[in-house]
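Data block below; observations after.
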Amino acid sequence: MVSNIPTLLTIFRIVMGPAIAGLVLWGATLLHADRFVAGLIFGLALFLFLLAAATDWLDGWAARKLDAVTPLGAALDHAADKVLITCALIALAYAALPLELVAASVLILGRDVAVAGLREGVSAQGRSLPVSRLGKWKAAAEMCGVAAFLAFQTAALLGQSAALVLGLYWGARLLLWAAAALALISGAQYAAALLRRT
């Protein structure tokens, strides 16, 4: 049973993706009706997102510690990251992100779809496409960017100081655009690596 802990943590992260998206969409419907309640809902979405993001590190650590590293676990772990980020970004793009950050989100998610296609094609040939260092930096930047934007929404709706709200907003912008830039660069690296092997 203990050896199942890493998989359960990964499944928790998968479940949290749609749950957080639902909270974001729910909070957005209350923006003009009850800003305080909307702020509490965005705050709950932020808390759950941070908790889910923490399991990204925790499940890998637990799998190594318990000697429970499996191909299925590794595949689920990768899928869980994508579910969490995709659900959060799509909900935010629909409900709260300014147009420029919607564009950054499209670049991030478009790259993820393209790289997933490359991985599937490579896998069909019996090969693998390992995660690059830039890919890991991209994942960290997008996680932090989504968290910063949720924190910005929460702080703004709950009437926090203008300096805090502005700092969180600019932090979210910088992080999401950094993630978009890293997405494009790392995507190009994956494509180049694949072409070198053919």
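The values are calculated or read from the model by the stated rules, or taken from the named source; none is laboratory data. For clarity, every value in this text was computed on a predicted model and none was experimentally measured. FYI the Cβ positions are ideal-geometry reconstructions off the backbone, even for glycines, and counts take in every protein chain you see.
Considering the range 31-47, and only residues there that are in contact with a Leu (Cβ under 8 Å, 6 or more places away or on another chain) and not hydrophobic (A, V, I, L, M, F, W, C), the residue that is surrounded by the fewest Cβ atoms within 10 Å (Cβ to Cβ) turns out to be R35.
Screening the range 140-157 for residues that are among the small types (G, A, S) and surrounded by fewer than 23 Cβ atoms within 10 Å (Cβ to Cβ) and picking the one that is modelled with the lowest pLDDT gives A140. Reported count of residues in the range 41-65, each being modelled with pLDDT of 95 or more and not aliphatic (A, V, I, L, M), is 4.
Selection within the range 165-190: residues that are free of Cβ contacts under 8 Å to residues at least 40 places away in the same chain and surrounded by 21 or more Cβ atoms within 10 Å (Cβ to Cβ). The member of this set that is nearest to Q153 (Cα to Cα) is L168.
Selection of the range 2-12 for residues being closer than 10 Å to L76 by Cα and either modelled with pLDDT of 85 or more or in contact with a Lys or Arg (Cβ under 6 Å, 6 or more places away or on another chain) (or both) yields T10, I11.
Selection of first residues in the range 40-51 that are in contact (Cβ under 8 Å) with a residue 12 or more places away in the chain and of second residues that are outside any helix (DSSP H, G or I), restricted to Cβ pairs under 9 Å at least 6 apart or on distinct chains, gives the following pairs, ordered by first then second residue: L40/L158; I41/L30; F42/A96; F42/L158; G43/L158.
Just one of the numbered conditions (1) of a type outside the set (S, T, Y); (2) touching a helix residue (DSSP H, G or I) at 6+ places or on another chain (Cβ under 7 Å); (3) touching a residue at least 60 places away in the same chain (Cβ under 8 Å) is not true of A193: (2).
Filtering the range 96-126 to residues that are surrounded by 11 or more Cβ atoms within 10 Å (Cβ to Cβ), at pLDDT below 85 and of a type in the set (D, E, K, R) leaves only R119. Being under 15 Å from V83 (Cβ atoms), surrounded by 16 or more Cβ atoms within 10 Å (Cβ to Cβ) and either of a type in the set (A, V, I, L, M) or within 22 Å of the chain's Cα centre (by Cα) (or both): is that true of A28 here? So A28 fails the test. Checked against the criterion of being more than 12 Å from the chain's Cα centre (by Cα), among the basic types (K, R) and modelled with pLDDT under 95, the range 78-91 contains not a single residue that satisfies it.
Residues in the range 127-157 that are of a type in the set (A, V, I, L, M) and in contact with a Phe, Trp or Tyr (Cβ under 7 Å, 6 or more places away or on another chain): L129, V146, A147, L150, L157.
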